[in-house]
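Before any comments, here is the structure.
Please treat every number below as a calculation from the coordinates, not as lab data. Quick caveat, the model's predicted, so the values are computed rather than measured. Every residue, glycine among them, receives a Cβ derived from its backbone with ideal geometry; neighbour counts consider all protein chains shown.
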Amino acid sequence: MGDKSILIATKNKGKAKEFTELFANYGYDVKTLLDFPEIEDVEETGVTFKENAFLKADTISKELNCIVLADDSGLEVDALNGGPGIYSARFAGEHGDDQKNNQKLLEELKGLPTEKRAANFHCSLVLVGPGRAPLFVEGTVDGYILEEPRGENGFGYDPLFFAPELDKGMAELTSEEKNEISHRANAIKKLESHLDDWL
C-alpha cells in the first residue's frame with residue numbers, strides 16, 4: 001500500500017463505492033478487504049458501534065501499516081431498548097441472513113402501533129493511520145418500522161424502515177435518494193468536513 005492509499009475495511013462493494021468517490025477527490029487510491037483475502041476477519045468484541053469500528057480499523061492498520069477506514073452500523077429500535085444494535089447483522093442468530101432478521105424484527109414488534117415503532121439507523125466511522133490520532137464520526141437517520149416489507153432496493157433492514165423525510169420506505173429509494181439521507185451518508189458528510197486537516 002502506498003502513501004496515497006486508503007483501505008476501506010469492508011467486502012461490501014456498495015459501501016466501498018461510496019468511499020472511493022469521496023477519497024478520489026483527495027487523490028487517494030482506495031482498496032478494500034477484497035484486495036487482501038489473506039486478512040482474517042477481526043472479531044467484533046466491542047459493546048458499541050464505535051468500539052467495533054475502531055477494533056477493525058486499528059487491527060488492520062497495524063497489520064498493513066496504512067490508513068484504514070472502518071464502519072460499524074445497525075438498526076436501533078426504541079421498543080427493543082435500542083436493539084438489535086450491534087447485533088443487527090446476526091439478530092436472528094446467523095450472520096447476514098436479512099430475511100430471517102427482518103422476520104424476527106416483525107415478530108418482536110407485532111401488534112405495536114406506529115407511534116411505538118420508532119427506530120433509527122446508526123453509523124459509526126473511524127479513520128486510523130500510522131502516527132495519527134483516530135478520527136471518529138457518527139451519523140443517524142430516524143424513522144419507524146413498517147408492518148410489512150416495502151420496496152425492492154437496498155439490503156438489510158431497508159424493506160422495513162420508513163423514512164419520513166422522504167415519505168418512503170428505505171427500500172423504495174433510488175441509490176441517489178438513499179445517499180442523500182442515509183446514516184452512512186450523514187456520517188460521510190461529517191467525515192468530509194474533517195478530512196482536509198486529518199489527511
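Below is a table of values for the structure above.
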| item | result |
| --- | --- |
| Residues GLU63 and ASP167, FRET efficiency given R0 of 45 Å [Cβ-Cβ distance, rounded to 0.05] | 0.50 |
| Exposure proxy order (Cβ contacts within 10 Å, fewest to most) of ARG184, ARG132 | ARG132, ARG184 |
| ALA79 paired with ASP41, simple spin-label distance in nm, labels 7 Å along Cα-to-beta-carbon | 3.0 nm |
| Residue order, fewest to most beta carbons within 10 Å, for GLU94, GLU115 | GLU115, GLU94 |
| Using a Förster distance of 22 Å, the FRET efficiency for ASN25-GLU177 (Cβ separation, nearest 0.05) | 0.50 |
| The chain: angle of helix 183-198 to the longest principal axis, Cα-based, in degrees nearest 10 | 20 degrees |
| Footprinting exposure proxy for ILE39, ILE86 (fewest neighbouring C-beta atoms within 10 Å first) | ILE39, ILE86 |
| Under 18 Å from LYS189, Cα to Cα: lysines that are on another chain or at least 8 residues apart | LYS15, LYS17, LYS50, LYS178 |
| Length-normalised contact order for the chain - Cα pairs under 8 Å, 6+ apart - percent | 16 percent |
| Contour excess over end-to-end distance, with Cα ends at LYS11 and LEU34 and 0.36 nm allotted per residue | 7.7 nm |
| The stretch 39-80 versus the stretch 98-131: alpha-carbon centroid distance in Å | 17 Å |
| Ratio of the Cα radius of gyration of the stretch 5-198 to 2.2 N^0.38 Å, where N counts its residues | 1.03 |
